[in-house]
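> Take a look at this one; I'll ask things after.
Every number here is computed from the coordinates shown, using simple stated rules; none is lab data. Given the structure is predicted, the values throughout are model-derived calculations rather than measurements. Virtual Cβ from ideal backbone geometry, glycine too; neighbours counted across all protein chains shown.
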Amino acid sequence: SGRGRERQLKLAEEWGIRSFPPPAGGCLLTEPNFSRRLRDLLQHGENLTFQGVELLKIGRHFRLNPAFKLIVGRDAEENEKIRRIATPEDVLFFPSEGRGPVALGRGKGDQETLKDAASLVAYYVRCDENHVSVGMEHRHCKEVWCVSKMEEKAVRQRMI
């Protein structure tokens, strides 16, 4: 598989090397989710930035239109990372009531795309109601929309 370290350990022993750093994980490009997300980023003409690559490592990624991507946090730690990475040009989505994910919208999205993003975020909000209040923050503008949860099939179709 190419991942064994037996040869390296044997050479270290032969050369008398007793202290060396522990092995790191494999290359991110070999991770299916990361490579799919990177391919999507490049196919849609987005510039590679450190921040953009960091976003590829977290959350669930969705393509809502050719110019708009949504990254949805999976837990409190990812939600916080998304908030830290967000730029003024990004759109943040979050449940205005109850618990649920923070999501970052990046790119050009019209009103319909933003409503779809809010509906997708609502899908992941933990509540029994079908209609959910989702907050949206862009630059200094804040709004709350009451949206229906997106259906699972539609969520899966948009997932990268």
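> List the aspartates and glutamates whose Cα sits under 16 Å from the Cα of residue 10, skipping any in the same chain fewer than 8 residues away.
Partners within reach: none.
> A follow-up question, please. Can you compute the modelled spin-label distance between residue 42 and residue 5, with each label point 7 Å from Cα toward Cβ, in nm?
2.9
> How much net charge surrounds residue 33 when only other residues with a Cβ under 10 Å from its Cβ are counted (Lys, Arg +1; Asp, Glu -1)?
Overall, the nearby charge balance is +3.
> Residue 27 to residue 74: FRET efficiency via 1/(1 + (r/R0)^6), r the Cβ-Cβ distance, R0 30 Å, to the nearest 0.05?
Values: r = 23 Å, r/R0 = 0.75.
Efficiency computed from Cβ-Cβ geometry: 0.85.
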